[in-house]
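Take a look at the structure below.
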Amino acid sequence: MRDRAGRGRGQGGTGQRQRRGLERINANAAGIDVGCNEHYVAVPPGRDAEERDVRSFRSFTCDLEQLSEWLRLCGVTTVAMESTGVYWIPLYDLLESKGFEVLLVDPRGLKRAPGRKSDVLDCQWLQELHTFGLLAGAFRPKEQTAALRAYARQRAMLIAYASDHIQHMQKALTQMNVKLRSVITDITGVTGQAIIRAILDGERDPRALASLRHEACHNDEATIADALEGTWREEHLFSLRQAFELYQTYQEKIAACDAAIEAHMGRMDDRSGGTTLKPPRRGKRRKNQPHFDLRGHLYRIAGVDLTRIEGLDALTVLKVISEVGTEMTPWPTRKHFTSWLGVCPGSTITGGKKLSSRTKPSANRAAEALRVAAQSLHQSRSWLGAFLRRKAAQKDMPTAITATARKLAELIYTLLKRGTEYVTRTQDQYEMMHRQRMLAGMARSARRFGYVLVPKDAVLLTPEPAPAQ
């Protein structure tokens, strides 16, 4: 008779499957459970002179120095920690500067582990998993890119706060029945700001306010004057003044942030080989665009002009570069890159049956910027615009936007990886290539069933065989 392992009962003695134990990949690994005020650290058993394998340290800088020194005395060379809020950043930077290999782990991959009920067990569990090489570190860009990312995120936060105060101004004007928003496109433009300043200075005559209209404004002075008759209540004027002053303050902070970004990008490594881009044609400046040559700086640090890709302007490229950097070595292929971004189809398969192809949930800022860029291609006559519209017709618009964002990510990866220039394609070229791919697929299907795909015109032109004599 044979047991379940396929051996005879007389073979192997016990009759049980022989299992191979896990191999210790990182023998000198430590695990740290990061907290706001206290960090718990676990080292391999028997490394501490006092036989204390787990110790706690306060989050003060002097205590972090003691933590790193204790790890050095215990012979630790690599450390794993969870990315808890922003509390991990000071400890991560300190340990990395001390020469430790630091692995930043996503807490979502560890939350399902059973039996962890305290911070002590958390750090021990991290140490054990890291010892056997079962943890994957999160991507963290190099120092120059990390600094650029901090500036870019700060700028995005300032723009979001400024937009809140625009809504506050619109609310105050609406409460006074001043329909400025109905006659001009943007109340923070030249005309809008001039009128609001005059209102706050005490001007109440609608015609006098309408005379501040810019010559490029679509509506005439009479229409604008009709919209500027309001009730002028003091409490709403007070709200308008504070919202306007706060908006101006944030604009000053955004300008200061732009100056810091320009200075930092000037210190970053040059990958352009000394070549420069031609200045763009003068046109209407988009709102919230930096006031310096951002496109030229991006070309210098990336080595390629990513703004040539349809849908990508300089600000979108800045968001992507600040998140992923200019070197694609962390991702072996473009499939790894799109998977990390969260813009590729999922693969939920069980029993050989595909259950779902939904993309994984992700809060990646670079992916968000690419989705916004993809959405802007809806009316584009480029091949990417044609791809977006074709996918929207097949599925739906959200799916088409994600698929187009994946195309943009693949293009960015290829250009940065190879250092080649982008070659534009028209909508007609894309349609022709798509038609050729469809015909090639139909021909393969026909050959598989023993048939030959023949064009209709060729059949009509073939002479009919002569009747038999």
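The values are calculated or read from the model by the stated rules, or taken from the named source; none is laboratory data. This is a predicted model, so every value here is computed, not measured. Cβ coordinates were reconstructed from backbone atoms using ideal geometry, including for glycine residues, and neighbour counts include every protein chain displayed. These area figures cover heavy atoms from the full protein model, side chains too; ligands, DNA and RNA do not enter into them. Shrake-Rupley method; radii C 1.70, N 1.55, O 1.52, S 1.80 Å.
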#### Entry: Charge dipole (segment 199-348, unit charges on Cβ, about Cα centre) - positive-most of 228, 309, 209
309
### Message
Check which residues have an amide H placed less than 5 Å from residue 105's amide H, if you skip close sequence neighbours.
### Response
81, 82, 83, 138
### Summary
Diffing segment 156-167: the Karplus 3J(HN,Hα) column from phi (6.51, -1.76, 1.60, θ = phi - 60°), in whole Hz with x for Gly and Pro, holds 5, 5, 5, 5, 5, 5, 5, 5, 4, 6, 5, 5
### Message
Taking the alpha-carbon distance from residue 179 and a cut-off under 13 Å, which aspartates and glutamates remain once sequence neighbours fewer than 8 residues away in the same chain are dropped?
### Response
226, 229
#### Entry: Percent RCO, i.e. relative contact order, over the chain, from Cα pairs under 8 Å lying at least 6 residues apart
10 percent
### Charge dipole magnitude, Cβ of K and R +1, D and E -1 - the chain, Cα centre, debye nearest 20
2840 debye
### Query
Over segment 319-469, what relative contact order in percent results from Cα pairs under 8 Å that are six or more residues apart?
21 percent
### Surface share of carbon and sulfur [accessible, 1.4 angstrom probe, percent] for the chain
50 percent
### Task
With a 1.4 Å probe and every protein chain left in place, work out the accessible area per residue of the chain in Å², rounded to a whole number.
62 Å²
### Query
Excluding same-chain residues fewer than 8 positions from residue 407, which aspartates and glutamates have a Cα within less than 12 Å of its Cα?
310
### Task
Would you please give the residues with an amide H less than 5 Å from that of residue 30, counting only those at least 5 places away or on a separate chain, with H modeled from the backbone geometry?
78, 79, 80
### Message
Quick check of the Kirkwood formula: for segment 270-371, what is the inverse mean of 1/r over all pairs of different Cα atoms, in Å?
### Response
15.9 Å
### Query
Given a Förster radius of 56 Å and the C-beta distance between residue 433 and residue 242 as r, what FRET efficiency does 1/(1 + (r/R0)^6) yield to the nearest 0.05?
0.50
### Highest-first arrangement of 300-307, 269-276, 350-357, 186-193, where packing means the average Cβ count within 10 Å
300-307, 186-193, 269-276, 350-357
### Task
Distance check, please: which entries in 335/391; 287/335; 354/391 exceed 22 angstrom between their Cα atoms?
287/335
